[in-house]
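The values are calculated or read from the model by the stated rules, or taken from the named source; none is laboratory data. Small disclaimer: the values here were computed from a predicted structure and weren't measured. Please note: Cβ atoms are built from the backbone with ideal geometry, for glycine as well, and neighbour counts cover all protein chains shown. Remember, those area values only see protein heavy atoms, side chains included, never the ligands or the DNA or RNA. Shrake-Rupley method; radii C 1.70, N 1.55, O 1.52, S 1.80 Å.
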Amino acid sequence: MICPTMVATCTTDVHLIETAAFPAALGKVVGHEAVGVVERVGESVVDFAAGDRVIIPTGFSDWRHPAAQRGEAKYHQTNSPYFSEDADNAGTFSEFVKTLDADQNLALIPDSVTDQQAVMVPAMMSTGFSGVERMNIEFGDTVLVLGIGPVGLLGVAGAALRGAGRIIAVGSRPKTVELARFYGATDIIDYKQGDVAAQVLALTGGKPVDSVLVASGGSATGAFTTALTAVKFGGHVDCVAVFFDDKDVRIPMEFLNFGVMEKFITEVLVKDGREYLGRLLVLIENGKIDTAPLVSHVLDEWSELENGMALMRSRDTSVIKPVVKTPGCSATSGAVRRELAISLWWKSTGTRAACCPTWRTRMCRSC
């Protein structure tokens with residue numbers, strides 16, 4: 001059982017509430033970016049104890065699934081609050097969070113790593129770096145990062161760490177452009193100034209890039225068309241963006257030479273687990289990367305959580321990642337948890353359910 005000390009709000013949760021895209025999450029508290037302190041452990045937990053500072057993972061790979069021996073644990077999210085049918089297995093926007101298989105999923109936070117740095121690891125850094133790892137970057141490569149929100153920014157940082165020689169980042173907000181350069185972008189393209197692929201090829205003298213990280217919103221078809229236009233034959237297009245509003249994507253075959261040439265497209269699921277998160281923390285601990293600049297707003301108290309969600313819904317150009325610094329486990333956050341649970345239920349059914357006696361953990365389907 002974990003007591004969150006800091007949580008981050010995310011556009012994924014905003015879209016989840018609006019679209020009810022994950023049916024197993026209906027009626028549950030949302031939230032998937034958090035760090036906290038271990039309150040108590042079950043009798044089977046060996047490596048963690050009360051008082052430990054830990055990252056709560058975004059995903060919950062099933063490390064006990066037989067497919068884990070094939071390296072496929074993350075494809076079995078049976079323990080994830082968003083995919084589990086267990087109504088008591090909910091998200092992190094709560095005073096206490098139940099974590100299953102703690103020895104495999106939690107990651108101990110080094111003393112020198114702050115909560116603001118660590119809370120960017122389970123979703124933002126893990127997602128950006130998971131995508132970069134699949135890009136097959138070699139020293140001196142030219143890579144393109146479509147979108148420089150927090151995930152894209154850490155994609156830029158990851159590409160720099162992997163040895164990319166030229167990193168072209170696409171974005172327009174002054175703050176994120178500044179951070180893209182801070183994390184290693186060599187060139188910035190403003191998508192408002194015309195066709196992105198054409199701007200990329202103009203920069204490179206007509207030479208396609210070696211790989212592309214899709215980390216932008218907008219249209220899935222538009223993003224993949226841009227990526228496939230800009231990338232070389234034999235190059236990699238890796239997508240870490242989520243397109244809740246798109247039911248399909250159209251790929252122009254001319255960019256694949258009508259099927260007689262190779263370009264590799266991968267939809268990337270975030271990596272998780274104790275070992276992987278621990279390695280990302282080592283990079284922060286030893287000064288290879290600082291994730292704290294991604295935090296644009298620090299809010300106090302659970303009562304500010306809805307304001308954090310509102311910031312993610314807004315078009316405020318100063319917003320990158322809001323975080324909520326919680327007051328500890330003694331504060332009352334029930335009203336906030338109840339409202340978020342009701343919001344998810346209401347958005348998916350079109351009617352606001354009456355209060356359920358068990359609203360502290362979920363909205364009952366019988367309400």
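Miscellaneous remarks
- Residue in region 1-59 that is surrounded by the most Cβ atoms within 10 Å (Cβ to Cβ), counting only those that are among the β-branched types (V, I, T), more than 17 Å from V324 (Cβ to Cβ) and within 19 Å of the chain's Cα centre (by Cα): V54
- Remark: V35 falls outside the filter, which requires a residue to be β-branched (V, I, T), in a loop (DSSP other than H, G, I, E, B) and modelled with pLDDT of 90 or more.
- Just one of the listed residues (A123, A87, A73, A102) is more than 28 Å from S296 (Cα to Cα) and touching a His at 6+ places or on another chain (Cβ under 7 Å), namely A73.
- Conditions (1) in contact with a helix residue (DSSP H, G or I) (Cβ under 9 Å, 6 or more places away or on another chain); (2) surrounded by fewer than 24 Cβ atoms within 10 Å (Cβ to Cβ): number failed by G194: (1)
- Residues that are within 30 Å of L283 (Cα to Cα) and part of a loop (DSSP other than H, G, I, E, B) are absent from region 196-214.
- Summed over region 118-132, residues that are of a type in the set (V, I, T), within 21 Å of L106 (Cβ to Cβ), open to solvent by less than 20 Å² (accessible area, probe 1.4 Å) and not in a loop (DSSP other than H, G, I, E, B) total 1.
- Subset tally (residues that are in contact with a strand residue (DSSP E or B) (Cβ under 7 Å, 6 or more places away or on another chain) and more than 21 Å from I148 (Cβ to Cβ)) for region 309-326: 3
- Taken together, A197, A227 contain a single residue that is over 18 Å from the mean Cα position of the chain (by Cα) and under 28 Å from V121 (Cβ atoms), which is A227.
- Count of region 143-168 residues which are crowded, with 24+ Cβ neighbours inside 10 Å and farther than 21 Å from V121 by Cα: 5
- Among the candidates V270, V240, residue that is surrounded by 13 or more Cβ atoms within 10 Å (Cβ to Cβ) and touching a Leu at 6+ places or on another chain (Cβ under 9 Å): V240
- Pairs with Cβ under 6 Å, 6+ apart, first in region 160-183 and over 21 Å from P208 (Cβ atoms), second open to solvent by 30 Å² or more (accessible area, probe 1.4 Å) and aliphatic (A, V, I, L, M): V177/I188
- Count of region 64-88 residues which are surrounded by 20 or more Cβ atoms within 10 Å (Cβ to Cβ) and either over 25 Å from the mean Cα position of the chain (by Cα) or in contact (Cβ under 8 Å) with a residue 40 or more places away in the chain (or both): 4
- Note on region 81-107: residues that are out of contact with any Asp or Glu (no Cβ under 6 Å at 6 or more places or on another chain) and outside any loop (DSSP other than H, G, I, E, B) amount to 5.
- Listed by first and then second residue, the pairs linking a residue in region 249-267 that is within 13 Å of H236 (Cα to Cα) to a residue that is part of a loop (DSSP other than H, G, I, E, B) and not aliphatic (A, V, I, L, M), with Cβ atoms under 7 Å apart and 6 or more places separating them unless they lie on different chains, are L256/K263; T266/R134.
- Note on region 205-226: residues that are open to solvent by 30 Å² or more (accessible area, probe 1.4 Å), hydroxyl-bearing (S, T, Y) and out of contact with any helix residue (DSSP H, G or I) (no Cβ under 8 Å at 6 or more places or on another chain) amount to 2.
- Strands (runs of 3 or more DSSP E) contained in region 133-191 and holding at least 1 residues within 20 Å of the chain's Cα centre (by Cα) and not aromatic (F, W, Y): 142-146, 166-170
- The residues of region 253-267 that are assigned to a helix (DSSP H, G or I), of a type in the set (A, V, I, L, M, F, W, C) and over 18 Å from V214 (Cβ atoms), listed by number, are M253, F258.
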